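J.: One structure coming up, written as structure tokens, with questions to follow.
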Amino acid sequence: MADTTNHTESLPVVVIGAGPVGLATAAHLRERGLTPLVLEAGSTSGAAIRDWGHTRLFSPWRFNIDDAARRLLEADGWQAPNPEVLPTGHELITDYLTPLADALGDVVRTDARVIAVSREGIDKTRSTGRETTPFLVRIASSDGSSEDVLARSVIDASGTWHQPNPLGRSGLPAPGEAEATARGLITQPLPAVTGVDRDRFAGRHVLVVGAGHSAANTLLDLAELADDNPATRISWAVRSADASRAYGGEDRDELAARGALGTRLRDLVESGRIDVHTSFVITGFETHGEQLHVQAAGPSGAEKLTVDVLVPATGFRPDLSMLTELRLDLDPTVDAPQKLGPLIDPEFLSCGSVPPHGERVLAHPEPGFYIVGMKSYGRAPTFLMATGYEQVRSIAAALAGDRVAADTVHLELPETGVCTTDLGGYCDVPAGPLPVTIGGAPTSSCCS
């Protein structure tokens with residue numbers, strides 16, 4: 001048994017995904033004397049971010065740079081961007097993620113899509129010796145080849161970008177949705193409306209579906225496009241009876257850009273430049289030539305809206321298919337780790353700050369396996385990068401045997417300015433660090 005344990009501990013910690021949280025994981029592991037191996041499905045680090053790189057983040061640089069990553073980069077002479085500037089996704093890649101991947105060196109492998117994670121020689125049903133058996137990570141490359149890699153631990157930071165929620169009701173794709181997407185009448189989320197995708201939207205009737213920040217960003221871009229091309233029509237559909245929740249905290253939001261987004265959107269709606277459809281539940285799609293007929297159940301019965309193109313902004317969900325041979329403990333509502341799920345369930349609360357959480361909250365019955373970053377939030381939409389950075393700092397400490405550091409978690413997030421609960425109440429919360437020792441008294445907040 002000792003020989004097996006020693007063999008396992010000499011293996012790398014596999015990190016799935018080379019986005020901000022995945023690369024931060026590698027930096028923390030390296031500081032702890034552990035060997036990371038980052039596997040990225042795309043051809044470059046931050047590959048998923050490139051799809052929405054034209055979009056500007058709400059949070060300035062001071063919230064977007066991990067501490068261990070900063071120490072690693074500054075040792076090579078890197079200078080951080082202005083901490084108060086809001087980067088675009090492309091700037092996040094060029095000014096931070098690419099230098100960080102370069103500093104990490106050959107521990108970052110691209111064109112390495114993880115398609116399965118298991119234990120070497122045993123499946124999900126085998127318990128004897130499971131904890132000391134190495135993980136087996138199966139990788140597929142774009143040339144069709146595959147490879148198995150052994151690991152002492154696996155940290156899944158693969159995100160949710162490639163798994164958008166369907167547009168139909170009941171959590172299912174609406175009839176005709178797949179065909180409309182294949183024909184290009186339904187786009188990917190966050191298209192470059194005023195950039196490379198401009199011709200797809202200019203002078204057309206565009207429907208945006210969804211009530212989150214992605215929808216707001218796209219609607220504002222469409223309004224800018226309509227300033228140049230007045231023939232552009234903008235419709236916005238939400239399932240709720242009131243679209244105002246999308247406006248957020250406005251002037252009460254500590255992130256000024258996020259607050260301003262809601263205020264600008266409200267102004268556009270109240271001026272009539274955006275046609276709003278509330279209680280709009282999509283039941284099907286029909287394609288006729290170059291137009292899309294959107295069928296829905298509305299407050300007065302069946303509705304039909306004819307548009308030229310539809311932009312989905314209905315959120316994302318985690319792809320768990322590669323983890324079927326692992327023993328997971330997931331919240332049945334949002335598909336987050338069981339202990340995290342109730343803290344982030346969007347049906348009951350929406351808040352800029354969540355209670356600090358680290359390795360113990362993120363642990364699964366599968367020893368040494370963790371889901372972090374956006375994917376750790378499952379279907380909940382309120383994740384911020386700073387949350388992921390603290391998650392992986394705690395996990396790296398735990399893997400290195402530093403239980404005190406792992407259990408003392410600190411989280412400092414910008415407030416939205418408004419915290420909604422299932423009771424319909426609101427409460428302002430002063431922003432600030434929230435230190436917690438796991439096992440101690442809980443930190444009180446309007447979100448608890």
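All of the numbers you see were taken from the coordinates with simple rules; none came from a lab. What you are looking at is a predicted structure, and each value in this text was computed from that prediction instead of being measured. All Cβ positions, glycine included, derive from the backbone under ideal geometry; neighbour counts span all protein chains shown.
J.: With springs only between Cα atoms under 10 Å, which of Asp143, Asp51, Asp319 fluctuates most in a Gaussian network model of the chain?
T.: The residue that fluctuates most here is Asp143.
J.: Let me know the Kirkwood hydrodynamic radius for the chain, please, with Cα pairs as the basis and the value in Å to one decimal. Don't skip to the end; give the middle numbers.
T.: Details: mean 1/r = 0.0433 Å⁻¹.
Computed over Cα pairs of the chain, the Kirkwood hydrodynamic radius comes out at 23.1 Å.
J.: Have a look at Leu310, Leu292, Leu207 and tell me which one the Gaussian network model of the chain (Cα, springs below 10 Å) gives the largest fluctuation.
T.: Judging by the Gaussian network model, the answer is Leu292.
J.: In debye to the nearest 20, how big a dipole does the stretch 274-341 give about its Cα centre with +1 on each Lys and Arg Cβ and -1 on each Asp and Glu Cβ?
T.: Details: 4 positive and 10 negative charges, 43 e Å.
Charge dipole, the stretch 274-341, about its Cα centre: 200 debye, nearest 20.
J.: Scan around Leu37 for amide H atoms under 5 Å from its own, H built in the peptide plane at 1.01 Å from N, and keep only partners 5 or more places away or cross-chain.
T.: Val13, Val14, Val15
J.: If contacts are Cα pairs under 8 angstrom and at least 6 residues apart, what is the relative contact order of the chain in percent? Please report the intermediate quantities before stating the final value.
T.: Details: 959 pairs, mean separation 70.8, N = 448.
Relative contact order for the chain comes out at 16 percent.
J.: In Å and from the alpha-carbon atoms only, list the Rg and Dmax of the stretch 1-91.
T.: My reading of the Cα-based Rg and Dmax gives 16.0, 53 Å.
J.: Now a separate question. To test your reading of the geometry: what angle, between 0 and 90 degrees and rounded to tens, separates the Cα axis of helix 256-270 from the longest principal axis of the chain?
T.: Helix 256-270 sits at roughly 20 degrees to that axis.
J.: Can you give the relative contact order of the stretch 31-106 as a percent, counting alpha carbon pairs under 8 Å and 6+ residues apart? Intermediate results must be reported in sequence, preceding the final value.
T.: Values: 60 pairs, mean separation 31.6, N = 76.
Relative contact order for the stretch 31-106 comes out at 42 percent.
J.: So if I take the centroid of the Cα atoms in the stretch 69-100 and the same for the stretch 265-294, what is the distance between those two points in Å?
T.: If you average the Cα positions of each part, the centres end up 39 Å apart.
J.: With a point put 7 Å past each Cα toward its Cβ, work out how far Glu347 is from Lys304 in nm, to one decimal.
T.: The answer from the label model is 3.4 nm.
J.: Another question, if that's okay. For Thr88, enumerate residues with amide H under 5 Å from its amide H, sequence gap 5+ or separate chain, H modeled in the peptide plane.
T.: Answer set, sorted by chain and number: Leu57.
J.: For the chain, what is the mean residue ellipticity at 222 nm derived from helices alone (per DSSP H run of n ≥ 4: -39500 (n - 2.57); sum divided by total residues; nearest 500 deg cm²/dmol)?
T.: Numbers: 14 runs with 114 residues, N = 448.
Counting only the DSSP helices, I get -7000 deg cm²/dmol.
J.: Given 5 Å bins starting at zero, what is the percent of C-alpha pairs of the stretch 313-376 in each, up to the one with the largest pair distance?
T.: Per 5 Å bin, starting at zero, the Cα-Cα P(r) for the stretch 313-376 comes out as 3, 16, 28, 28, 15, 7, 3, 0 percent.
J.: Straight distance only, please: which lysines reach the Cα of Lys375 with their own Cα at less than 28 Å, same-chain residues fewer than 8 apart left out?
T.: Those lysines meeting the cut-off are Lys124, Lys339.
J.: Take every Cα pair under 8 Å in the stretch 163-241 that's 6+ residues apart, average their separations, divide by the length, and report that relative contact order as a whole percent. Write down the numbers at each step before the final one.
T.: Working: 84 pairs, mean separation 21.3, N = 79.
With pairs under 8 Å counted, the relative contact order is 27 percent.
J.: Let me ask another. Under 5 Å between amide H atoms, partner at least 5 residues away or on a different chain: which partners does Gly46 have, H built in plane at 1.01 Å?
T.: Amide H neighbours of Gly46: Ala18, Gly19.
J.: Another question, then. Compute the length gained on full extension between Ser43 and Arg403: take 0.36 nm times their separation in residues and subtract their Cα-Cα distance, giving the result in nm to one decimal. Could the numbers behind the result be given before it?
T.: Values: separation 360, 0.36 × 360 = 129.60 nm, distance 3.61 nm.
Using 0.36 nm per residue and subtracting the Cα-Cα distance, I get 126.0 nm.
J.: A further question follows. Calculate the spin-label point distance for Asp228 paired with Asp106, positioning each point 7 Å from the Cα along the beta-carbon direction, and give it in nanometres.
T.: Going from the Asp106 label point to the Asp228 one covers 4.6 nm.
J.: Continuing with the same structure: Which residue fluctuates the most in the chain, going by a Gaussian network model with Cα springs under 10 Å, if the choices are Asp228, Asp148, Asp407?
T.: Of Asp228, Asp148, Asp407, the Gaussian network model singles out Asp228 as fluctuating most.
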